[in-house]
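We did not get these values from a lab; they are worked out from the coordinates using the rules stated. Nothing here was measured: the structure is a model prediction, and the numbers come from that model. For neighbour counting, all protein chains shown are included, and Cβ atoms are generated from backbone atoms with ideal geometry for every residue, glycine included.
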Amino acid sequence: MINKLVVENLKHRPLRTLLSIVAISIQVTMVLTLVGLSAGMLDEQARRARGVGADIIIRSPSSSVINTSLNMPAGIVGLVKSQPHVAAATGVLTQATDLLNYTTGMDLEQFDKLNGGFRFVAGGPFQGPDDVLVDSYYAAQHKYHVGETVTGIVNRSWRLAGIYEPGMLARLVVPLKTLQNITANTGKVSMIYVKLDDSARTDEVIAELEQKLSTYQIRSMQEYTALFSVNSVPMLKEFIYVVIALGVLVGFLVVFLSMYTAVLERTREIGVLKALGASPGYVLNILLRETALLAVAGSILGILLSYATRYAINDVIHGSLIQAIVYIWWLIAAAIALVGALLGAIYPGLKAARQDAIEALSYD
Amino acid sequence: MIDGPIISIRDLRKTYRAGEVEVHALRGVNLDIQRGEFVSIVGPSGSGKSTLFHIVGGLTPPTAGSIQLDGHNLLGLTDAQRTELRKTTVGFVFQKYNLLPTLTARDNIEIARHIAHQQGPLDAKFADVLKLLGLTGRLGHKPRALSGGEQQRVAIARAIVNHPAILLADEPTGNLDTENSTVVLGLLRDLNQRLGQTILMITHNPEAAAYGHRTVRMRDGRIE
């Protein structure tokens, strides 16, 4: 019975109900989109790192997961190659192209030994020092074709030599030596990828390398790619918390206004319920159920809208952004919406619960 | 079943504050109402009728005196105890009907049962009451689709669905035309006669008051 009253009350003011649901859904979408972007971008980076086909990665002593600009001497590659069970090793140099993309300098011949090389969908390997390779995602995004001159990568012009299937290390690849020279990093690399003759010996080889390169970060690719999480990106978690706090605030304000208006509007009805013997808890229960229903409906709409933002970000905007759908966050975002909404309903709910029946019955 | 009056009021007083002024709404009311009686209370505005109505209905506590309602002493009851009393011991009918606008007539009746923790289908006896009230074909409608007379009949059904010891009616025909007033008053008398429902009705209208077994007149917070 009480549920029927709750539903009928919400249906009685459809516009107010709809606006409340939409406002809550925007809050849910905001959280899901941010989390989805974080997860999508990190997953994509991890996937590309796994696509290299290496067993071990060696990085400079102070580098972090997303900061790859700290370099080390390329001579280390020779040392690594000389270790037992190392089948191939290659150093790459990375240079930030824009906020979301890196240009990677590599020796294609060495890189091919790790994984058989890029699978080209158009064109082919470098023909000269000023050639660039891009993956098909980047090419489609910028409408690039093989043979065209590409500008804006590390402040100079390049000839697009080939377009390869995505999912392998980088979106933009240039010859290692060229990138070393134009960025004043001659003889330096950012990372070294190591392929073993037997992947089962990964831990053993890492232990040996750690003895020789004690200050360097040496990890298995499995461990390295597992580091691509929100926790590994400086300030990302804090940023997500800020967005969540904003979400709770939005939910609080929307529901507060909506329920406060509803309580004022229904003063006489609250008086009637009290005259019938409804306790303050009964009245509060009605308001809280209405709020919970708004939050659930808003959460469902918010989840659906997060698919719309994913479509817009991944397929329409082409901003090198990847949004994933993170199912566990459906529950978290819905819980955030519910908490914000219930907080917003507390004051109007208590006002209704404490309403004097006689005053309420004489309210016009 | 308790012997003696269903309502027994002795030296009942109610004082409340309106701003900085103390208002003595009841100044020593004495009244007995027998089980099955239909009593009309008349009096000018400010005579204390509504205050007495609210105290008997458990909507507000008295300041002093004694009031026994179906074995319950209303003096000193907590808010929660008065809330409990309203669930099953008292039924209200108001001048403005006061149906919940979002619910159908049937659900307006059902919610009174729900609040009183009554479960299961309506009993056959109450189905007869609905027939008597002429509501059988109108239960699926919301208040906005019902005439004033129909709304007041739904309010009467809601007031007695939990078989209260007493039905309190505050100007039940105040918003109705003559024809509907006659119908509603006739129904109250029928309920009193057929079901033995005790009724306490407040009214300004002497013709309406005449439907009761007796009329009590109030003036200046006392019964004349």
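Quick look at the values:
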quantity	calculated
Under Karplus coefficients 6.51, -1.76 and 1.60, residue-wise ³J(HN,Hα) of region A:186-198 in Hz, glycine/proline x	4, x, 10, 9, 9, 9, 10, 9, 10, 10, 9, 6, 8
Spacing of the two label points (7 Å from each Cα toward its C-beta) at residue A:241 and residue B:193, in nm	7.7
Approximate shape of chain B as ellipsoid semi-axes (Cα gyration tensor, √5λ), whole Å, largest first	28, 19, 17
Pairs from A:177/A:212; A:4/B:49; A:237/A:351 whose Cα-Cα separation, in the structure shown, is over 31 Å	A:4/B:49; A:237/A:351
Among A:323, A:141, A:27: highest mean-square fluctuation, GNM of chain A, C-alpha pairs under 10 Å	A:141
Considering only region A:61-215, percent of DSSP beta bridges that pair antiparallel, nearest 5	70
Simple spin-label estimate for residue A:62 and residue A:142 in nanometres, 7 Å along Cα-Cβ	3.0
Cα convex hull of region A:61-215 - mean projected area over all directions, nm²	9.2
Surface/4 estimate of mean projected area, convex hull on alpha-carbon atoms of region A:125-192, nm²	4.7
With at most 16 other Cβ atoms within 10 Å, longest stretch of chain A clear of loop trypsin sites (Lys or Arg not before Pro) (DSSP)	A:144-353
Kyte-Doolittle at least 1.0, axis length at least 27 Å by Cα - qualifying DSSP helices, chain A	A:236-265, A:280-311, A:328-353
Principal-axis tilt of helix B:178-195 within chain B, Cα atoms, nearest 10 degrees	80
Kirkwood Rh in Å, taken over all unlike Cα pairs in region B:83-149	13.0
Neighbour net charge for residue A:123 - beta-carbon separation under 14 angstrom, K R +1, D E -1	-2
Percent breakdown of C-alpha pair distances by 20 Å bin, ordered from the shortest bin, for chain A	25, 38, 22, 14, 2
Rotationally averaged projected area of region B:156-224 (alpha carbon convex hull; nm²)	5.1
Neighbourhood charge, 10 Å Cβ-Cβ cut-off, centred on residue B:164 and excluding it, Lys, Arg +1 and Asp, Glu -1	+1
Nearest 10 degrees, 0 to 90: helix B:148-160 Cα axis against chain B principal axis	70
Antiparallel bridges, percent of DSSP beta bridges restricted to chain A (to nearest 5)	75
Cα long-axis angle, helix B:105-115 against chain B (0 to 90 degrees, to the nearest 10)	50
Net charge, residue B:122 excluded, C-beta distance under 13 Å - Lys, Arg +1, Asp, Glu -1	+1
